[in-house]
Amino acid sequence: MNTGPVMHLVTKNERRGAVEAAPARGLGAGAPTTGSQPPAPVAGGGLRRRGAIEFAAVTKRFGAAAAAVDALDLRIPAGSYCCLLGPSGCGKTTTLRMLAGHEEPTEGDVILDGANVTGLPPARRGTAMMFQSYALFPHLSALDNAAFGLRMRGVSKAERHAHAREVLELVDMGAFANRLPAQLSGGQQQRVALARALVTNPSALLLDEPLSALDPFLRGRVRAELKRLNRELGITFVHVTHSQDEALALADLVVLMRAGRVEQQGTPEDLFDRPRTVFAARFMGGHNVVAGLGGPIAVRSDRTRLAPFGAPGALDAVVRAVEYTGTGFALTLSDADAGPDHLTALLDEAEYRARGVAPGDRVGLTWDSADARPLAAE
């Protein structure tokens, strides 16, 4: 059985055009994309952004335990790259699984492109999920792995192979179409898994810790590829991670979660430079959280300066460790009076050599008042 056209992958010439943003449809304005419609063109030769997502008062409970996700209200703009960030157990993966249809909300609704998809099975939602393990079939070639979703929809072999070859070219794996997974590197296997997710033309691509198994060099390359695909395809990417660096590098929207709720959301710059709570400042890293006159404050480590021990207005500290970072030195310190809470200061190489700081040294820490961010108390 042939179900007709399955997807339209943009050509290299089409991808050269900028992706134009389009307003998301209102609630109830239609059904989600299921893989049978090509991306809608817009004026200027770009693609219409798809994948506007809303979680409306969504709660998920497992038995009598505390809610894994608690009254989540969240909107993710169409075509954006959203990272769900937080420590283990914060609810980010459960949120992703509810969007994919692998978990049912206990309460609330999940909206995709204006349609309520809460009760729909995964195959009818217009989403595709790329799992952390890749889950490739070891006996199938890269081509057949990429085409598997179309095979399950009854698309003819010739047609599904043609579409799979297109998407393998999109992820730079066309030359490896006939190889088995065991004949591919980890990074290549990941690209095949990505191709399999994209071949059904989803409105939203869901990624569960996709970079965690890669070495740092390959991780950087794959990050750039994911961002390129998000930009060129015009669909929403929702990416679960516990890595602050990953979220800062990739996301248009970072959603920091804690105990099933949103702690803070915004652009990467918002979360890193303007944390609102003690938890946000500490989890995002790169900040010192200290007591201020009106409550806790956060000061970025790269804006924390050394002063003589006992200097007026300085925070007295003891150097605990010194690490070379390649572009300078990172000092780990503790408050000389308050105990072992770790503080950090970043010095360029010239300043470090001039000061000659070593573990055990007693120093002062200071900063400009404009760099102190007030925080909500825990």
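The values are calculated or read from the model by the stated rules, or taken from the named source; none is laboratory data. None of these values were measured; they are calculated from a predicted model. Here the Cβ positions follow ideal geometry from the backbone for every residue, glycine too, while neighbour counts run over all protein chains shown. Heavy atoms of the whole protein, side chains included, go into the accessibility calculation; ligands, DNA and RNA do not. Shrake-Rupley method; radii C 1.70, N 1.55, O 1.52, S 1.80 Å.
Within the group E169, E209, E263, which residue is at positive phi and either in contact with a Phe, Trp or Tyr (Cβ under 8 Å, 6 or more places away or on another chain) or surrounded by fewer than 20 Cβ atoms within 10 Å (Cβ to Cβ) (or both)? Answer to the selection: E209.
Taken as a whole, the structure places D368 among residues that are in contact (Cβ under 8 Å) with a residue 24 or more places away in the chain and closer than 19 Å to D273 by Cα.
Of the residues making up the stretch 170-223, those that are in contact with a Leu (Cβ under 9 Å, 6 or more places away or on another chain), under 20 Å from A128 (Cα atoms) and in a helix (DSSP H, G or I) number 14. Checked against (1) open to solvent by 80 Å² or more (accessible area, probe 1.4 Å); (2) touching a helix residue (DSSP H, G or I) at 6+ places or on another chain (Cβ under 9 Å), D348 passes all but a single condition, namely (2).
Go through the stretch 221-231 and report how many residues are open to solvent by less than 30 Å² (accessible area, probe 1.4 Å) and either among the hydroxyl-bearing types (S, T, Y) or over 15 Å from C82 (Cα atoms) (or both).
1
Please determine, by comparing only the residues of the stretch 232-245 that are over 23 Å from A56 (Cβ atoms) and touching a Ser or Thr at 6+ places or on another chain (Cβ under 9 Å), which one is most open to solvent (accessible area, probe 1.4 Å).
Pass one, the stretch 232-245, residues over 23 Å from A56 (Cβ atoms): 232-234, 241-245.
So of that shortlist, the ones also touching a Ser or Thr at 6+ places or on another chain (Cβ under 9 Å) come out as 241-243.
Details: T241: 1, H242: 100, S243: 32 Å².
Applying the filter and picking the extreme gives H242.
Scanning the stretch 293-318 for residues that are in contact with a helix residue (DSSP H, G or I) (Cβ under 9 Å, 6 or more places away or on another chain), in a loop (DSSP other than H, G, I, E, B) and open to solvent by 50 Å² or more (accessible area, probe 1.4 Å) gives no hits. Scanning the stretch 349-358 for residues that are more than 9 Å from L331 (Cβ to Cβ) and part of a loop (DSSP other than H, G, I, E, B) turns up G356, A358.
Among E378, E323, which is the only one that is open to solvent by 60 Å² or more (accessible area, probe 1.4 Å), without any contact (Cβ under 8 Å) to a residue 12 or more places away in the chain and within 21 Å of F283 (Cα to Cα)?
Values: E378 fails: without any contact (Cβ under 8 Å) to a residue 12 or more places away in the chain.
Exactly one residue qualifies, and that residue is E323.
In the set A164, A177, only one residue is touching a residue at least 12 places away in the same chain (Cβ under 8 Å) and surrounded by 22 or more Cβ atoms within 10 Å (Cβ to Cβ); that residue is A164.
Among the residues of the stretch 47-66 satisfying the criterion of being under 17 Å from A251 (Cβ atoms) and in a loop (DSSP other than H, G, I, E, B), which is least open to solvent (accessible area, probe 1.4 Å)? Step by step, filter the stretch 47-66, then rank; the result is G51.
Given the criterion crowded, with 22+ Cβ neighbours inside 10 Å, under 18 Å from the mean Cα position of the chain (by Cα) and aliphatic (A, V, I, L, M), identify the matching residue among L74, L112, L96, L84. Break it down stepwise before answering.
Numbers: L74 fails: crowded, with 22+ Cβ neighbours inside 10 Å; L112 fails: under 18 Å from the mean Cα position of the chain (by Cα); L96 fails: crowded, with 22+ Cβ neighbours inside 10 Å.
Exactly one of L74, L112, L96, L84 is crowded, with 22+ Cβ neighbours inside 10 Å, under 18 Å from the mean Cα position of the chain (by Cα) and aliphatic (A, V, I, L, M), namely L84.
Inspection of the stretch 277-289 finds a residue satisfying the criterion of being open to solvent by 10 Å² or more (accessible area, probe 1.4 Å) and of a type in the set (S, T, Y).
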